[in-house]
């Protein structure tokens, strides 16, 4: 049951109507993440979906990229998000993105201090890519968690 009165349907943006200026800022960040991230789609998607699982966010769980199949992001890819450590279909770079996302969502302090992780991460990502991944994860973690806490936009299905 929604914790705030969402205007209109249970869609991605109607719940933001009472605060249009804040909605514009969130929209700008979302636009930057989806239109300007330089990370490959598979890297972004494994991180996004790993956070979606922790957030229990149906918006993110249901979101699919229109070019996903072309770039190797099919339903098999999504089916193994929770077992990212073991499934052989992910690359080491994708596993590191999943680990970053999971740990950012569940234990950011330990992530910050884990020198082993940062050595592995830096072997696969340069500083700009780490920043890119972090900004993407910040959007998904914050907005997805807020939508779930407020129980809004959970029926929305989106294809980018």
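The table for this structure:
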| quantity | calculated |
| --- | --- |
| The range 12-30, residues that are more than 14 Å from residue 143 (Cβ to Cβ) and either loosely packed, with under 14 Cβ neighbours inside 10 Å or touching a strand residue (DSSP E or B) at 6+ places or on another chain (Cβ under 8 Å) (or both) | 17, 18, 20, 21 |
| Matching residues, the range 119-131, being in contact with a helix residue (DSSP H, G or I) (Cβ under 9 Å, 6 or more places away or on another chain), under 14 Å from residue 43 (Cα atoms) and assigned to a helix (DSSP H, G or I) | 121, 124, 129, 130 |
| Matching helices (runs of 4 or more DSSP H) fully within the range 49-118 where at least 1 residues are surrounded by fewer than 12 Cβ atoms within 10 Å (Cβ to Cβ) | 75-79, 92-106, 108-113 |
| Selected residue (only one of 102, 94 is more than 29 Å from residue 23 (Cα to Cα), in contact with a helix residue (DSSP H, G or I) (Cβ under 7 Å, 6 or more places away or on another chain) and in contact (Cβ under 8 Å) with a residue 24 or more places away in the chain) | 94 |
| Checklist (1) surrounded by fewer than 14 Cβ atoms within 10 Å (Cβ to Cβ); (2) touching a strand residue (DSSP E or B) at 6+ places or on another chain (Cβ under 9 Å) applied to residue 4, failing item | (2) |
| Residue match in the range 132-143 (condition: on the phi < 0 side of the Ramachandran plot, part of a loop (DSSP other than H, G, I, E, B) and either touching a helix residue (DSSP H, G or I) at 6+ places or on another chain (Cβ under 6 Å) or surrounded by 13 or more Cβ atoms within 10 Å (Cβ to Cβ) (or both)) | no |
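Every read-out reported here was derived from the displayed coordinates using simple, explicitly stated rules and does not represent laboratory data. Model, not experiment: these values are computed from the prediction. In this analysis, Cβ positions are derived from the backbone assuming ideal geometry, glycine residues included, and neighbour counts consider all displayed protein chains.
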